[in-house]
Amino acid sequence: MRPPARETLTVFWDSDGGQEEMPGFIVYGLVDPKCWVERSFPLGLWPAGTDAAESRLYGESWEVKLWDVRVQEFLSGKAWTTAVRGTLQTIIDAGCRVAWVSSERFPFVDPPFLFLPEHMSGSVLSALTSDGDFFCPLDPDQPIRAISDDQLVRLRVHADGLADAIT
């Protein structure tokens, strides 16, 4: 039997001696750089002791904002889904077209290959689009479940012009 997600979701966190693998997840947001409105990561949606470190990946016409989220405690059930949706909505409200959750050791690719099932199948654990489509099969108390390849394609179609950007 596969372990529950809470035992396998991790991020690499900067520590005194370099980077250390810690319990957590990664939140991503795909945005046209001209549309980004600075927002703070919504730590208030998560249990005390949660921390987030922001970084970005970018090309000339696209940007992926990302937050490594280190947790002391994972939420579960409806509390998890509510916090994930609220977090992703904050990222969407900052101008992103698609926001999603993943973790270390799951495939990630830059545009023009972003959200293609042949490159990212099984790696998007929750997602929200700017038109309100929300997918969250992940429950930290259950084995890892990702969105379907069909849902991944829906993210790519919604992110047309960004997910497939050449530069």
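Check Val71, Val84 and return the single one that is out of contact with any Pro (no Cβ under 7 Å at 6 or more places or on another chain) and touching a residue at least 24 places away in the same chain (Cβ under 8 Å). Give the derivation first.
Working: Val71 fails: out of contact with any Pro (no Cβ under 7 Å at 6 or more places or on another chain).
Going through Val71, Val84 in turn, just one is out of contact with any Pro (no Cβ under 7 Å at 6 or more places or on another chain) and touching a residue at least 24 places away in the same chain (Cβ under 8 Å): Val84.
With the structure loaded, tell me whether Gly24 is assigned to a strand (DSSP E or B), under 13 Å from Pro140 (Cβ atoms) and in contact with a strand residue (DSSP E or B) (Cβ under 7 Å, 6 or more places away or on another chain) or whether it fails that test.
On the way: assigned to a strand (DSSP E or B): yes; under 13 Å from Pro140 (Cβ atoms): yes; in contact with a strand residue (DSSP E or B) (Cβ under 7 Å, 6 or more places away or on another chain): yes.
Answer is yes for this residue.
Consider Asp141 carefully, then state whether it is within 17 Å of Leu9 (Cα to Cα), over 12 Å from the mean Cα position of the chain (by Cα) and among the charged types (D, E, K, R).
Working: within 17 Å of Leu9 (Cα to Cα): yes; over 12 Å from the mean Cα position of the chain (by Cα): yes; among the charged types (D, E, K, R): yes.
So Asp141 fits the description; yes.
Starting from residues that are among the hydroxyl-bearing types (Ser, Thr, Tyr) and out of contact with any helix residue (DSSP H, G or I) (no Cβ under 6 Å at 6 or more places or on another chain), keep the ones in segment 100-143 and report whichever is farthest from Asp164 (Cα to Cα). Give the derivation first.
Here is the first cut: in segment 100-143, the residues among the hydroxyl-bearing types (Ser, Thr, Tyr) are 102-103, 121, 123, 126, 129-130.
The next check asks that each one be out of contact with any helix residue (DSSP H, G or I) (no Cβ under 6 Å at 6 or more places or on another chain); those that pass are 102-103, 123.
On the way: Ser102: 20, Ser103: 22, Ser123: 18 Å.
Applying the filter and picking the extreme gives Ser103.
Quick check on segment 132-151. Is at least one of its residues open to solvent by 50 Å² or more (accessible area, probe 1.4 Å) and at positive phi?
no
Within segment 96-143, track down each residue that is among the charged types (D, E, K, R) and in a helix (DSSP H, G or I). Show your work before the answer.
Applying the first criterion (among the charged types (D, E, K, R)) to segment 96-143 yields 97, 104-105, 110, 118, 131, 133, 139, 141.
Across segment 96-143, the qualifying residue is only Glu118.
Of all residues in segment 68-95, how many are closer than 15 Å to Ala159 by Cβ and either in a helix (DSSP H, G or I) or under 12 Å from the mean Cα position of the chain (by Cα) (or both)?
Going through segment 68-95 one residue at a time, the tally reaches 3.
Which of the residues that make up segment 78-114 are within 16 Å of Asp139 (Cβ to Cβ), open to solvent by 30 Å² or more (accessible area, probe 1.4 Å) and not charged (D, E, K, R)?
Answer for segment 78-114, where residues must be within 16 Å of Asp139 (Cβ to Cβ), open to solvent by 30 Å² or more (accessible area, probe 1.4 Å) and not charged (D, E, K, R): Ala79, Thr81, Thr82.
Go through Ser126, Ser121, Ser76, Ser130 for me and flag whichever is of a type outside the set (Asp, Glu), touching a Lys or Arg at 6+ places or on another chain (Cβ under 9 Å) and farther than 25 Å from Trp13 by Cβ. I'd like the intermediate steps shown before the answer.
Details: Ser126 fails: farther than 25 Å from Trp13 by Cβ; Ser121 fails: touching a Lys or Arg at 6+ places or on another chain (Cβ under 9 Å); Ser76 fails: farther than 25 Å from Trp13 by Cβ.
When all the criteria are applied, what remains is Ser130.
Within segment 7-39, how many residues turn out to be open to solvent by 70 Å² or more (accessible area, probe 1.4 Å) and free of Cβ contacts under 8 Å to residues at least 24 places away in the same chain?
So the answer is 6.
The values are calculated or read from the model by the stated rules, or taken from the named source; none is laboratory data. Owing to the predicted nature of the structure, the values given are computational and were not obtained by experimental measurement. Here the Cβ is made from the backbone with ideal geometry for all residues, glycine too, and neighbour counts use every protein chain on show. With ligands, DNA and RNA removed, areas are computed over all heavy atoms of the protein, side chains included. Shrake-Rupley method; radii C 1.70, N 1.55, O 1.52, S 1.80 Å.
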